[in-house]
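Down below is the structure, laid out as structure tokens.
Every read-out reported here was derived from the displayed coordinates using simple, explicitly stated rules and does not represent laboratory data. In this text the structure is predicted, and so the values were computed from the model without any measurement. All Cβ positions, even for glycine, are placed from backbone atoms using ideal geometry, and neighbour counts span all protein chains on display.
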Amino acid sequence: MGELDLYYEIVLKIDLILQNLVVAYCYCYLVKPYMNNKRRLWAVGAAYAITMIFLKYIPYYISNFIAYFIGVAAGFAVMLLLDFKSGKVKPFQKMFLACIFFSVRWLALAVPLNVWEFMDRLLTKTIVGNGVMTQI
């Protein structure tokens with residue numbers, strides 16, 4: 001393994017961790033108004049992030065749909081446990097929030113991808129159309 005490969009692996013691992021932390025923060029931000037215990041709200045995001053990082057490194061293949069479902073379910077379980085401790089349990093509300101986060105997460109990550117594909121097609125047509133580059 002060359003030196004460049006090592007740097008590439010380090011950047012990939014840092015990107016994975018940062019991406020999971022940003023998504024976990026978004027999970028916390030979504031459920032914050034509905035949590036009774038604001039001090040322990042970060043446990044929801046931590047459960048999601050740790051679960052997703054753990055699932056990335058297990059030796060078995062798990063589809064993305066199942067992996068993200070498990071991550072959201074871990075956050076849901078922590079939300080329920082925190083509600084049980086406070087005495088005000090609203091399981092359907094927490095289930096709704098988990099489902100909304102699961103759906104919005106997929107949509108939020110799909111929008112930039114579609115914009116990127118649109119820009120790529122537009123630029124390719126512009127470059128090929130102006131004769132700057134010939135189409136292969």
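So here's what we get for this one:
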read-out	value
Degrees between helix 91-129 axis and first principal axis of the chain (Cα, 0 to 90, nearest 10)	10 degrees
Taking the chain and dividing mean pair separation by its residue count, relative contact order in percent (alpha carbons under 8 Å, at least six apart)	21 percent
Dipole magnitude of the chain about its Cα centre (Cβ charges: Lys, Arg +1; Asp, Glu -1), debye to nearest 20	940 debye
Folded to 0 to 90 degrees: helix 3-31 orientation relative to the chain principal axis, Cα	50 degrees
Structure-based [θ]222 nm, the chain - -39500 (n - 2.57) summed over DSSP H runs of at least 4, per residue, nearest 500	-28000 deg cm²/dmol
Computed E for Lys38/Ser63 - FRET, C-beta separation, R0 30 angstrom, nearest 0.05	0.30
Computed P(r) (all Cα pairs; the chain; 5 Å bins; percent)	2, 9, 15, 16, 13, 11, 10, 8, 6, 4, 3, 2, 1, 0
Extension gain from Ser86 to Leu6, taking 0.36 nm per residue of separation minus the Cα-Cα distance	24.1 nm
Cα-based reach from Lys85 at 29 Å (exclusive), listing lysines while leaving out same-chain residues under 8 positions away	Lys32, Lys38, Lys94
